[in-house]
Amino acid sequence: MKYQPVIGLEVHVQLLTDTKIFCGCSTKFGAEPNSQTCPVCLGLPGALPVLNKKVVEFAIKAGLSTNCSITPRSIFARKNYFYPDLPKGYQISQFEDPICQHGWLDIAVDGDTVKRIGITRIHMEEDAGKLVHGELSGPGDGSGVDLNRACTPLLEVVSEPDLRTSDEAVTYLKQLHQIVTWLGICDGNMEEGSFRCDANVSVMPVGSNTLGTRAEIKNVNSFKFVKQAIEYEIQRQIDLIEDGGTVVQETRLFDPNSGTTRSMRSKEEAHDYRYFPDPDLVPLVISDEWINRSRQELPELPEQRRQRFMDELGLPLYDAEVLTASRALADYFEAGIAAHSNAKAVGNWIMGEITRALNDSGTAIEACPIAPGQLAELLTLIDNGTISGKIAKTVFDEMWRSGKAPQVIVEEQGLVQVSDGDAIERMIDEIMAANAGQVDEYRSGKEKVFGFFVGQVMKASKGKANPSVVNELLLGKLKG
Ligand SMILES: [Zn+2]
């Protein structure tokens, strides 16, 4: 029998607010355990939560950017469960009436085909604390609770079970990751858990309309692992069914070392959590005016920008995609073309030399030592014939290293291209005189030798001779 996998993703997006969702404590990562806490996030009795407005603004932006409708009156609910990192005994989340609903993202599958992936909901919630095992300075090697992360704001983005392959899941996830980092509401750091994903996976016989029992896979903190975990889980379920077994609803943990998933606990149903509206928080009312203001404040999103790069600048799809990989990269490109009109050339240098240098040095585009205007100056030096494209690479490396302007480097190192015909002719004459044998070879029909002469002239000029002038003069002389 053939099987159809069905995948839905629940993504937790940690928001880049300075303070927590219901108190004024800092959200900074990596501080001394329990140094960023107060009665509210410690869950002390009687402490009252106060909603951080910034969290709502970020949630609205995320919703508008994923085609959701914003719920005019949304509700916070208590999700009740016990765990040592949750001192209140409940997590403040949203259950009925989450802030964003009924959205979608279009993802590209198999080249040009576009598939619409539904987004069921986006809700706001607080994160729990963290258990720290065996790293304590105190006596024994027990576990400790660090509540710095407790009450950190999260958005949970829940997709419809519309995804069918691990590739579709990764494409969707990357697109969502790009949107939240582009909006500046999340740093997107998957290793630190700022963007993390649980995958619901089930399989059903091809042609069936009844979804199979699903397993939820937790702890997947890279795009690569998402793909691995889903593929392993699909195969595990198919093997199980083929062997006459049944898939049970459970939560499974992905182990990146073995690439497998293992059972963690049987999966709770929503009613196990005894959700009820939090009596400490009033319903959140969002006016049309607020939504409209947020809509106006939205930046041009990656997809729109990609389209504009193609329509207005004539870039091919590939270039447009690479140059909109992040908002900072797209901004860099736009600053470059503001100073140089050849968008294709600016794009090529960014995708080529700039990207290579950034990767080699582990530098982010935000910290690129060559300003977009300087890159444009370098291209202008090539355009007006001051330097050759080859010498430009040398100048580029020096710009990267020293931060000097390209014009300064060219003058200091005497790199100006030699286009003067007389000077080049003199070099050619000397080289031909010193290599009479090769001249004869060429004249007897061995035209390959031409490359030897070009090489000699470039060598004699230290790479500075204008290649097209060299070619033209050489041809004339050798034929003569
Ligand atoms: Zn606090």
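Points to keep in mind about this one:
- Hey, L478 surrounded by 12 or more Cβ atoms within 10 Å (Cβ to Cβ), at pLDDT 90 or above and either small (G, A, S) or in a helix (DSSP H, G or I) (or both) or not: no
- Scan of the stretch 229-251 for residues that are surrounded by 20 or more Cβ atoms within 10 Å (Cβ to Cβ) and farther than 15 Å from L9 by Cβ, ordered by number: Y232, Q237
- Answer from E126, E96, E160, E156 - the residue that is in the same structural domain as D18 (by TED's automatic domain parsing), surrounded by 20 or more Cβ atoms within 10 Å (Cβ to Cβ) and in contact (Cβ under 8 Å) with a residue 12 or more places away in the chain: E126
- Filtered by the rule that a residue be without any contact (Cβ under 8 Å) to a residue 12 or more places away in the chain, among the hydrophobic types (A, V, I, L, M, F, W, C) and more than 30 Å from G373 (Cβ to Cβ), the stretch 405-445 gives A423, A433, A434, A436.
- Which listed residue, of G451, G414, is on the phi > 0 side of the Ramachandran plot and surrounded by fewer than 17 Cβ atoms within 10 Å (Cβ to Cβ): G414
- Close Cβ contacts (under 7 Å, 6 or more residues apart or on different chains) running from residues in the stretch 26-47 that are more than 14 Å from Q14 (Cβ to Cβ) to residues that are within 11 Å of the ligand (Cβ to nearest atom) and hydroxyl-bearing (S, T, Y) comprise Q36/S26.
- Scanning the stretch 273-286 turns up one or more residues that are more than 28 Å from P45 (Cβ to Cβ) and touching a residue at least 12 places away in the same chain (Cβ under 8 Å).
- Under the condition of being closer than 15 Å to D331 by Cα and part of a helix (DSSP H, G or I), the residues counted in the stretch 350-373 number 9.
- Scan of the stretch 384-442 for residues that are part of a helix (DSSP H, G or I) and over 19 Å from G463 (Cα atoms), ordered by number: W400, R401, S402, A433, A434, A436, G437, Q438, V439, D440, E441, Y442
- Members of the stretch 8-30 that are out of contact with any Cys (no Cβ under 8 Å at 6 or more places or on another chain), outside any strand (DSSP E or B) and within 16 Å of the ligand (Cβ to nearest atom): T17, D18, T27, K28, F29
- Those strands (runs of 3 or more DSSP E) of the stretch 35-141 in which 2 or more residues are within 16 Å of the ligand (Cβ to nearest atom) occupy 90-93, 113-126.
- Test: residue in the stretch 102-117 that is of a type in the set (D, E, K, R) and within 20 Å of K20 (Cβ to Cβ): no
The values are calculated or read from the model by the stated rules, or taken from the named source; none is laboratory data. Keep in mind it's a predicted model, so treat the numbers as computed, not measured. Note that we place each Cβ from the backbone using ideal geometry, even for glycine, and neighbour counts take in every protein chain shown.
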